[in-house]
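Everything below concerns the one structure shown next.
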Amino acid sequence: MTVAYWIGWLIVLSIWSFLIGGFDRKIVARLQGRYGPPFWQNITDFVKLLYKRGNLATRTATSVVDVALIVGLVAGVLAVSVLPFAGTNGTFQVLAFEGDLIIFAYAFALMALVYVVVGFAGRSPYTIVGASREVSMLISYEIPFILVLVALGYRAALLGGATVNSIFSMSSLMQAKSQVGILVGDPIMLGAFLILLVLGPAMVSAVPFDIPEAETEIVEGYSAELHGPRLAVMFALKHLKLIAYSYFLWSIFLSPSGLAWWANLLLSLLGTLVLSVAINTIPRAVSGRFRIEQGAKFYLIGPGLASLLLLVLVFA
Amino acid sequence: MTVLKPEKSLWIYHLNTGSCNGCDIEILAALTPKYDAERFGVKLVGSPRHADIVVATGPVTAVAKESVLRVLEQVPDPKAIVVTGVCGITGGVFRGGYSLAGPLDTLVPVDVYVLGCPPKPEGIMVGIIKAAEVLELKRRGMYTKEVVRVSEKGEVLDAVR
């Protein structure tokens, strides 16, 4: 029964991720005074890409690309599966064990590494530049991300009264949530939430930090040599990453506890929409793209120092 | 499922084969917020491998010929080619010049002509929409290789067959 719920939830979430992408394009269009595409446009794009057929570049290592894309899809499903979702009585996880927060961080790093592998396997100057930029960005945003997760887990263990060896488990976070109500009420948790929100655009490669896939300079970077179904998987992976990250922020920090399952489900969909607008759409509408060294420096100096400060405050 | 049919998503690739830049400026104007091509699902892509429709400008110069053929080979099927401006259709004022390798239709099959020097953005938009109809016919296997002409102001001079 749980597995059936989980599969249904995955299907709902993946369709919702495409709709969120469509809402994103619609909102940006309305901000620019345009009518914009219909909100189901990204589903149309995905279906269209499945129809396309052509020859892959002879220098592209096709088998490496295929394996990398499958690994990426598995990592995306894994990232969603360790997060709690709305069940008939409260929230529950499909994959729950001590250390599932590490699995979440690992799945996100794996999805970024999939981009890197696809880029280097493309063997075109554009894809290789995109892959090397992705590596630079990965190093700069992964450090604050891991530090924030450590601070978050330790604070949750303190709040919920769990032991220190379970600081990387979602269940201790849920336990802390049941005691505090909404987790952002706690000052340390609020700090962690704000840092994770700033990290958002780089985690989901949204515009000021979509340096690895700059369309106008290096023609979508790592996916420049892909087409047809492979590009469709890449397209889906990007949406999966956006929804996994915004659902992570929603389910950990903002979701209220003790609701009926349908209210929880609707609020989850609404919450992911609001959070993805905050980390993807608004930065895209109001700013241009950074250069790679600006992006790397921004994350190491801003969220990097802030996460160190947070860590000191937690252990003090 | 008419809302999800593939022709509602048109990713276009802009190919300059040696144009004077007049048509290129008009293509960019057709993609600006004023004309809002995105409402038809149009998106400008940088890589020919992502494209559905190639919007080509200019007479094909001898230097550009090899690159143009390689780029068109990289576009996955089904694809449509829209030629914008008289230079691409007949050679225009450059016709018979020593440096030309022909208008584009002597090298590859072309689907839509947009007349004008340069055509207005309205004409280019109508050309792209007609190319979408051509794509649908190609997907269904009903395409008969008749070229559609669109005037510079956007009137359709031939029916899509």
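A few comments on the model shown:
- Look at the alpha carbon pairs under 8 Å that are at least 6 residues apart: their mean separation over the length of chain A gives a relative contact order of 25 percent.
- Estimated 222 nm signal from helices in the protein assembly as shown, with DSSP H stretches of n ≥ 4 weighted -39500 (n - 2.57), rounded to 500: -18500 deg cm²/dmol
- Gyration tensor over the Cα atoms of chain B: the corresponding equivalent ellipsoid has semi-axes (square roots of 5 times the eigenvalues, largest first) of 23, 17, 15 Å.
- Ranked list, fewest to most other Cβ atoms within 10 Å of each Cβ, for B:M142, A:M111: B:M142, A:M111
- With Cα atoms, 0 to 90° folded angle of helix A:292-315 axis to chain A main axis: 10 degrees
- Charging the Cβ of each Asp and Glu at -1 and of each Lys and Arg at +1, and nothing else, the dipole of chain B about its Cα centre rounds to 220 debye.
- Helix A:62-81 axis, angle to chain A major axis (alpha carbon atoms, nearest 10°): 20 degrees
- Diffusion of the range A:54-315 by Stokes-Einstein, at 4 °C in a medium of 1.567 mPa s and with Rh set to the Kirkwood radius over alpha-carbon pairs, works out to 68 µm²/s.
- Translational diffusion of the range A:194-247, µm² s⁻¹ [Kirkwood Rh, Cα pairs; Stokes-Einstein; 37 °C; 0.692 mPa s]: 275 µm²/s
- All distinct Cα pairs of the protein assembly as shown go into the 1/r average, and the inverse of that average, the Kirkwood radius, is 24.1 Å.
- Compared with the dominant Cα axis of chain A, that is its longest principal axis, helix A:2-31 is turned about 60°.
Laboratory data are not the source of any read-out in this text; all were calculated from the coordinates shown. Source: prediction; values computed, not measured. Cβ sites come from the backbone with ideal geometry, for glycine too, and all protein chains shown count toward neighbours.
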